[in-house]
1. Looking only at strands (runs of 3 or more DSSP E) that lie completely in the stretch 270-369, which have at least 1 residues being within 8 Å of ligand 1 (Cβ to nearest atom)?
2. Considering only the stretch 226-247, I want to know if a residue exists there that is free of Cβ contacts under 8 Å to residues at least 40 places away in the same chain and in contact with a strand residue (DSSP E or B) (Cβ under 9 Å, 6 or more places away or on another chain).
3. Looking at the stretch 289-309, is at least one residue touching a residue at least 12 places away in the same chain (Cβ under 8 Å) and under 23 Å from the mean Cα position of the chain (by Cα)?
4. Between residues in the stretch 89-118 that are on the phi < 0 side of the Ramachandran plot and without any contact (Cβ under 8 Å) to a residue 60 or more places away in the chain and residues that are part of a loop (DSSP other than H, G, I, E, B) and surrounded by 12 or more Cβ atoms within 10 Å (Cβ to Cβ), which pairs lie under 8 Å by C-beta distance while being six or more apart or on different chains?
5. Which one of these does residue 329 not meet: (1) within 16 Å of ligand 2 (Cβ to nearest atom); (2) under 17 Å from residue 361 (Cβ atoms); (3) at pLDDT below 95?
6. If only one of 206, 236 is surrounded by 12 or more Cβ atoms within 10 Å (Cβ to Cβ), farther than 27 Å from residue 169 by Cα and more than 16 Å from ligand 2 (Cβ to nearest atom), which one is it?
7. Given the criterion modelled with pLDDT of 95 or more, on the phi < 0 side of the Ramachandran plot and within 15 Å of ligand 2 (Cβ to nearest atom), identify the matching residue among 322, 296, 249.
8. If the requirement is being at pLDDT below 90, within 51 Å of the chain's Cα centre (by Cα) and farther than 22 Å from residue 129 by Cα, which of these qualifies: 59, 98?
Ligand SMILES: Nc1ncnc2c1ncn2[C@@H]1O[C@H](COP(=O)(O)OP(=O)(O)OP(=O)(O)O)[C@@H](O)[C@H]1O
Ligand SMILES: [Mg+2]
């Protein structure tokens, strides 16, 4: 629908000669002119078309101009269409007011001066076109917004799906490594024990060799455990989030030498797998950041579970996170944590604590509302 095919001008006058005269005056404004010789006919037109402006004779037999204007205003399609009343010079002030009351935007007093009429009409046509452009822009913008919203939702769903696939895969690999390799290694150890007991006491070289194989097997068993729980700690599934956080903190302290103090809730907490996994992964990411960036000597961890939400606070005494990193789209680790929490209706707030380090506050509601 092009702008100029719409936005015609409707001319309403009961007098055929007046109609013809108006048509003549306006034939070169470049608009389609629609003529009506009664209020009823005018109303039929406004039901079907959008007009840029309506020229309306005030005095007509039957439904007069005032009544017609009122009815035009009542129709949703023409609620805002500008109406210019055409009146005789003899018209009095009260009837002019009446015209404005029923929705006129302007008056032109007969006899008409073509230049005045044309310049007034031009203003309304211009307005109509600008309006059409604006309406189109708004529609386009709304459509773009809708598309953006949809694609954001899709991305979210995709991210959630990917995360759960990764987590399932990790759990599976972790179990397999733990069970199969673990069992094979235990078997090896038993066989080696069997062998050792049958080695003559004087076979010193062989005995020392078996000793070092024992050590190797033990070391490998440790590695298997470490790799398996690195993928997904058993405690998370077996004893739950609080125990897993305690375990992770101890392991962190042992590996990095950064003191890690943990406060856990006294009562055991019951959480679904999605929530405990999310909180645990966020916790791991926060600890990784501490080692990599904070230059801290201590970390305090506080896990609380209230009636409606789970709150995990992790603060370090390092150099403090730089302000620009907090909002940067390059901070994928931070984005990942926030996304993870927000999938469950929660949030991650990270702040620099007055030059004394960084504090992360993770809150996840226990139920999605
Ligand atoms: N505890 C912290 N103390 C000081 N700076 C931090 C801390 N945590 C994060 N930062 C800063 O914020 C930045 C963004 O962290 P983010 O976890 O998003 O990325 P990253 O750790 O550099 O990389 P990755 O994507 O592997 O996590 C870091 O590069 C670091 O400069
Ligand atoms: Mg990181």
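The values are calculated or read from the model by the stated rules, or taken from the named source; none is laboratory data. All values reported here derive from a predicted model rather than from experimental measurement. No Cβ is skipped: glycine too gets one built from the backbone with ideal geometry, and neighbour counts run over all protein chains shown.
1. Numbers: elements: 298-305, 309-316, 347-352, 358-365.
Answer list for the stretch 270-369: 309-316, 347-352, 358-365.
2. Checked the stretch 226-247: at least one residue is free of Cβ contacts under 8 Å to residues at least 40 places away in the same chain and in contact with a strand residue (DSSP E or B) (Cβ under 9 Å, 6 or more places away or on another chain).
3. The answer is yes; a qualifying residue exists.
4. If the second residue must be part of a loop (DSSP other than H, G, I, E, B) and surrounded by 12 or more Cβ atoms within 10 Å (Cβ to Cβ), the pairs left are 89/110; 91/58; 95/58; 99/58; 105/82; 106/82; 109/91.
5. (2)
6. Working: 236 fails: farther than 27 Å from residue 169 by Cα.
So the residue among 206, 236 that is surrounded by 12 or more Cβ atoms within 10 Å (Cβ to Cβ), farther than 27 Å from residue 169 by Cα and more than 16 Å from ligand 2 (Cβ to nearest atom) is 206.
7. Details: 322 fails: modelled with pLDDT of 95 or more; 249 fails: within 15 Å of ligand 2 (Cβ to nearest atom).
Step by step, each of 322, 296, 249 is checked, and only 296 is modelled with pLDDT of 95 or more, on the phi < 0 side of the Ramachandran plot and within 15 Å of ligand 2 (Cβ to nearest atom).
8. After applying the criteria, what remains is 98.
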